[in-house]
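Here the structure is laid out as structure tokens; the discussion comes afterwards.
Coordinate-derived values only; no laboratory data. It should be emphasised that the depicted structure is a prediction, and the values quoted were computed from it without experimental measurement. Cβ sites come from the backbone with ideal geometry, for glycine too, and all protein chains shown count toward neighbours.
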Amino acid sequence: MPRSAIFTIVVFCLSFLYHCSQSDSRGKLSEKEILALERYKGRLDTIKAKDTLRVISPDISEGGLPREGSPLSFEQDMSEYFAEELGVELLMIHPESYDSIIPWLVAGIGDIAAASLTETERRQERVDFTRPLNQARELLIGRKELADSIISIDDLHGREVVVRRSSTYYQTLQGIKDSIADLKITLAPHDMHTEEIVHRVATGKYPLTLCDSHLARNIFFYEETITALLELTDYRPIAWAVARECPDLLAGLNEFILEQKLTKHLPKTYTGDWEGILKRKVLRIATRNNAATYWIYRGKEVGFEYELCKAFAKKHKLRIEMQIAPDWEQLLQWVHDGKADIAAACITATAQRRKLVDFAEPHLFATEVVVSGLDSTGTPFVTDTADLHSATLYLRRSSSYYQSITQFQSQNKVDCKLEFVPEDMETEEILSKVAAGEFQATICDDYIARMEQMHTSDIEIAFPVSDTQHIAWAIRQSADTLQEQINTFFTETQYRPRDKMYNITYNKYFESRKRIAAARSLHRADKEGTISPYDRLMKRYAKRYDFDWRMVAAQTYQESKFNPNARSWAGAVGLMQIMPSTGRDLRVGDISKPGPSLHGGTKYMRQLLRRFEKGIPFQERYRFALASYNAGYGHVIDARRLAQSLGLNSDVWFDNVEQAMLKLAKPEYARKARYGYCRGSEPVMYVGNIQRLYNHYSQVVDGG
């Protein structure tokens, strides 16, 4: 593998982020543990007496990148808001199968089913539904080549459609089968997510399926081979549910939903100001899916701009909807046209851009610099102004970098060749091509260049080509009050640049050096065959979860270098670097201590391992689990799908899925992936380092 291929990322793949400490897929309870929970009916007085709101909801790590604004963490966020309103703690309960949601609610395992359930007569017999949060109709989904042959219900004669038995789709198909007797209904596995069924239709494994319209809109962004062939139902309410014996809880939820105005359908465009945003209680953010701005990490929405937007919205009790613009040119146009309220993507405020939009108070300051690659001797192509005469710079025409270099050339009477890259190419990808030797040099903000140097020695910062630039949120030119509110946020709160919360957020993404270094050199076992002071504990938990203890040791070293006092800047603690909230969910004890930390990390690895097909060899499933531990399960699924489309073996990590993982940092692949952008070099290095260290341990230490 070319060494430069793994240096495509500008920010370390964060071990975790503080804003998502309330819930983490690492802390998912097993079904056995959930069924062992105390059971009772969730009346309001009981909930307050227990000081806990139990919410049954699908694991949000199963969601995809919300291309059209529906937040990945919608159920989680709304549950948190409601728990705060009640003044109680929140316990999220994630079933392994959608089949379990309503039965668990009826059985008293949870208080609320926050799962965007379609309201049907059959379900109404078992539970009470809240006010609608949304509406959806059921669509018949198939490959685009079927569009001309399936134009009515009658065209379903002899067709096969795949759905879960527990879904409302199955009931819909049973109704159709009354008039089309030869319609074949094939049952998908009970724990298979609708999106996975749709994906199998897209890849030709399944012929047809059904999907709710609000889910289909997002799926169509990255599954380009499929379409909606028929509308099989009218619009039906999508709501949450409570047990029938809890009318006071239902009333409280309905009041909460009414207050949040979750049932209000947003117009396609809205050009009003702050008053309208407050009335809608929704702040629409246009952004880009990249490392510095917004992406999914371990099933969570993260990013520097995302965290700032989230904090601003929380201050004003607003929900945010992230909308990913297809390229940089449309980012500002969406704000101008009223498709978004704010554009937040580390945008430089330039005079040219002010012709289209206004900018709020700057929250980031940068100098644009020339970044050079190295020749075969390790010498930079560009070190000073004179080198520009023989250099080629690669950049986007619409970028502020183009304007800066044009002005710089004019003022300094120098000339260089400019090559324009596609408008959807992120700065991170341009830098990766410079590091790989594909591009000679580029221009970018100095903080981005410094971050890239944390990961590669194959680039050099040459010299500045601009004065200090102001980076700010873009708003419509008529949104004066919105601008005032943002200005207040960035000048009078702790999110003011260089104030406490701002610095915490900034350092997390751009300046943190508190990461656990990768195991680039082998940790040697001693002559007595001892790896660490914690061998006995690692052997105990490895045996409990049926692992080779030396592999557990290799992963532990990669996470903490066997330092039980290790603590990340994000708050992760202990040998296996687990967040405190995750430790509580795993129910393994005080994860700051060696035993519980090793127990928690090993337990979670077993949970991840079980998510991959048993037909895959164990060693490959283990590598997939390691990559999931590091980057998130969803990105590993994306990488496996991409590997298959590239003709690689989707059941093998090294030289196959790992190659696809690296490509998920590239926009042309990320925009077609369910989970979008991924800094793939980190899981690639993570798995490689652990495998290399395990190889050493297995040679010198007994496996018993």
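For the chain, the longest stretch holding no GluC sites (Glu not before Pro) located in a DSSP loop with at most 11 other Cβ atoms within 10 Å is which? Present the calculation step by step, with values, prior to reporting the outcome.
Values: sites that count: Glu38, Glu125, Glu224, Glu528, Glu613.
Answer - 225-527.
Dipole of the chain (Lys/Arg Cβ +1, Asp/Glu Cβ -1, origin at the Cα centre): which of Tyr686, Ala553, Leu65 lies farthest to the positive side?
Of Tyr686, Ala553, Leu65, it is Ala553.
How far is it, in nm, from the label point at Thr269 to the one at Thr120 when both lie 7 Å from their Cα along the line to the Cβ?
Label at Thr269, label at Thr120, 4.0 nm between them.
Using the alpha-carbon centroid of each, what span in Å lies between segment 288-366 and segment 246-261?
32
Along the charge dipole of the chain, Cβ charges K/R +1 and D/E -1, which of Ile471, Gly303, Tyr534 sits furthest on the positive end?
Going by the Cα projections, it comes out as Tyr534.
Can you give me the long-range amide H partners of Gln135? Hydrogens built in the peptide plane at 1.01 Å from N, cutoff under 5 Å, separation of 5 or more residues or another chain.
Ile238
Pairs to check: Lys339/Lys672; Lys48/Lys317; Lys310/Lys500; Lys32/Lys300; Lys261/Lys300; Lys144/Lys184. Give those whose C-alpha atoms are more than 18 Å from each other in this structure. Write down the numbers at each step before the final one.
Values: Lys339/Lys672 22 Å; Lys48/Lys317 23 Å; Lys310/Lys500 16 Å; Lys32/Lys300 25 Å; Lys261/Lys300 24 Å; Lys144/Lys184 20 Å.
Over 18 Å apart, Cα to Cα: Lys339/Lys672; Lys48/Lys317; Lys32/Lys300; Lys261/Lys300; Lys144/Lys184.
What is segment 365-468 by shape, rounded, prolate or oblate, if you read a ≥ b ≥ c off the alpha carbon gyration tensor as root eigenvalues and call it rounded for a/c under 1.5, prolate for a/b larger than b/c, and oblate otherwise? Intermediate values should be presented prior to the final figure.
On the way: a/c = 1.36, a/b = 1.16, b/c = 1.17.
Since a/c stays below 1.5, the shape of segment 365-468 is classed as rounded.
Long-range amide H contacts for Ile320: which residues qualify at under 5 Å (H placed 1.01 Å from N, peptide plane, sequence gap of 5 or more or a different chain)?
Leu283
Among DSSP bridges having both ends in the chain, what percentage is antiparallel? Round to the nearest 5.
Just about 65 percent of them are antiparallel.
Classify segment 138-233 as rounded, prolate or oblate from the Cα gyration tensor: take a ≥ b ≥ c as the square roots of its eigenvalues, call it rounded if a/c is under 1.5, otherwise prolate when a/b beats b/c and oblate if not. Please list the in-between numbers first.
Details: a/c = 1.57, a/b = 1.18, b/c = 1.34.
Verdict is oblate for segment 138-233.
State the extension gain, in nm to one decimal, for the chain segment bounded by Gln411 and Ala36, taking 0.36 nm per residue of separation less the distance between their alpha-carbons. The partial results should precede the final answer.
Working: separation 375, 0.36 × 375 = 135.00 nm, distance 7.29 nm.
Additional length available on full extension: 127.7 nm.
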